[in-house]
Amino acid sequence: AFIMYQASGSSWVCMGDPVGPAVLCEALAWDFLECCDGMAVSPVFYQVAPDNLSLYIDLGLTLTKLGEEARIPLRAFSLAGPARADLRQAHRRAARDGAEFAVVARKDIPAIMPELRAVSDSWLAEKQAGEKRFSLGYFNERYLSCFDCAVVRCAGAIVAFANLWRAGMDMELSVDLMRYSDAAPKGVMDFLLIESILWGKDQKFQWFSLGMAPLSGLEDHALAPAWHKLGRMVQRYGEAFYHFEGLRKYKEKFLPVWRPRYLAASGKFAVAGALLDATTLISGGVGKALKK
């Protein structure tokens, strides 16, 4: 069993839950808590799943909802029917514009790496964005060479790509780093995701994860916890800076099953600091985190 973590500020921030058999993960989590105590830092578990909430309660940590993860049950996925008409149209339009999908095996990734880098550089320049870290993938040749890669080609040239994650004994499939160039046809990301989902279905995966929609699923009630009220206010007034609602609506097109994700930190008053430390890791520094 293992825990993935990185130090930030006064926290050791874990990416997700401990990985491995449940009996080993529980012992490992206590070892991690003891290490944090010895180093006088706060333990933080970021984006943990609801399956393991009892573990964090036993550890004495406070749980805060971060958002919801969109998961698609692959056995029932289809482009047929009125509910997925928008996806079907986007898929057909990209195909008419010359988009062709393929999955490149990881052993063949070094041969296409220059093309992947060109697509990534084009995307970063167009978005005027810097690379994120920690919970989000960034362009790294050694990292990308560890995975199969879904690619979209037009006239033989790669115009979009996403590396593919396999999890749970090949039960679940997901994408991490997704990029497209300015040469890509309209709707290329819909096309890339749809084809990746259909490929996963053909490969007998059971789930496809579209990742988390931050601040999604927070309660809108007078008696809701203070964090839910604050989160909904950030969602409402921060839409111009980070498209919370837009991201949720985009993923909703795929008719996913939504599953909550949580932050586990030590004490109610440490949550704000834990969130800042996690955001700092993702943004690549305190200055960048505050700008976001």
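Structure data summary
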{"read-out": "Flag for residue 60 being in a loop (DSSP other than H, G, I, E, B) and either within 30 Å of residue 251 (Cβ to Cβ) or open to solvent by 30 Å² or more (accessible area, probe 1.4 Å) (or both)", "value": "yes"}
{"read-out": "Any hit, segment 12-35, residues being open to solvent by less than 30 Å² (accessible area, probe 1.4 Å), modelled with pLDDT under 95, closer than 30 Å to residue 187 by Cα and out of contact with any His (no Cβ under 7 Å at 6 or more places or on another chain)", "value": "no"}
{"read-out": "Residue within segment 71-80 that is closer than 18 Å to residue 17 by Cβ and either touching a Phe, Trp or Tyr at 6+ places or on another chain (Cβ under 8 Å) or hydrophobic (A, V, I, L, M, F, W, C) (or both) present", "value": "yes"}
{"read-out": "Checklist (1) at pLDDT below 95; (2) assigned to a helix (DSSP H, G or I) applied to residue 80, failing item", "value": "(2)"}
{"read-out": "Qualifying residue in segment 157-168 (condition: over 24 Å from residue 255 (Cα atoms) and open to solvent by 20 Å² or more (accessible area, probe 1.4 Å))", "value": "yes"}
{"read-out": "Only listed residue being more than 20 Å from the chain's Cα centre (by Cα), among the polar types (S, T, N, Q) and modelled with pLDDT of 95 or more, chosen from 174, 181, 145", "value": "181"}
{"read-out": "Residue in segment 4-14 that is more than 25 Å from the chain's Cα centre (by Cα) and within 19 Å of residue 274 (Cβ to Cβ) present", "value": "no"}
{"read-out": "Residue count, segment 73-95 (criterion: among the hydrophobic types (A, V, I, L, M, F, W, C), without any contact (Cβ under 8 Å) to a residue 40 or more places away in the chain and open to solvent by 60 Å² or more (accessible area, probe 1.4 Å))", "value": "2"}
{"read-out": "Residues (modelled with pLDDT of 80 or more, of a type in the set (A, V, I, L, M, F, W, C) and open to solvent by less than 30 Å² (accessible area, probe 1.4 Å)) located in segment 256-277", "value": "263, 264, 265"}
{"read-out": "Matching residues, segment 111-124, being over 30 Å from residue 5 (Cβ atoms) and either open to solvent by 50 Å² or more (accessible area, probe 1.4 Å) or without any contact (Cβ under 8 Å) to a residue 12 or more places away in the chain (or both)", "value": "111, 114, 115, 118, 121"}
{"read-out": "Test: residue 101 is more than 21 Å from the chain's Cα centre (by Cα), assigned to a strand (DSSP E or B) and closer than 27 Å to residue 256 by Cβ", "value": "yes"}
{"read-out": "Residue tally, condition open to solvent by 30 Å² or more (accessible area, probe 1.4 Å), under 18 Å from residue 175 (Cβ atoms) and in contact with an Asp or Glu (Cβ under 7 Å, 6 or more places away or on another chain), over segment 125-152", "value": "1"}
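One line per residue, one yes/no per condition, for (1) at pLDDT 95 or above; (2) surrounded by fewer than 17 Cβ atoms within 10 Å (Cβ to Cβ):
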residue: 52; (1), (2): no, no
residue: 67; (1), (2): no, no
residue: 71; (1), (2): yes, no
residue: 98; (1), (2): yes, yes
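This table checks each residue for (1) of a type in the set (Gly, Ala, Ser); (2) more than 26 Å from residue 6 (Cβ to Cβ).
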residue: 104; (1), (2): no, yes
residue: 109; (1), (2): no, no
residue: 126; (1), (2): no, yes
residue: 136; (1), (2): no, no
residue: 140; (1), (2): no, no
residue: 147; (1), (2): no, no
residue: 152; (1), (2): no, yes
residue: 159; (1), (2): no, yes
residue: 167; (1), (2): yes, no
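The values are calculated or read from the model by the stated rules, or taken from the named source; none is laboratory data. Since this is a predicted model, take the numbers as computed values, not measurements. A quick note on method: Cβ atoms are made from the backbone with ideal geometry, for glycine too, and the neighbour counts reach across all protein chains shown. Areas reflect the complete protein model, heavy atoms only, side chains present, ligands, DNA and RNA absent. Shrake-Rupley method; radii C 1.70, N 1.55, O 1.52, S 1.80 Å.
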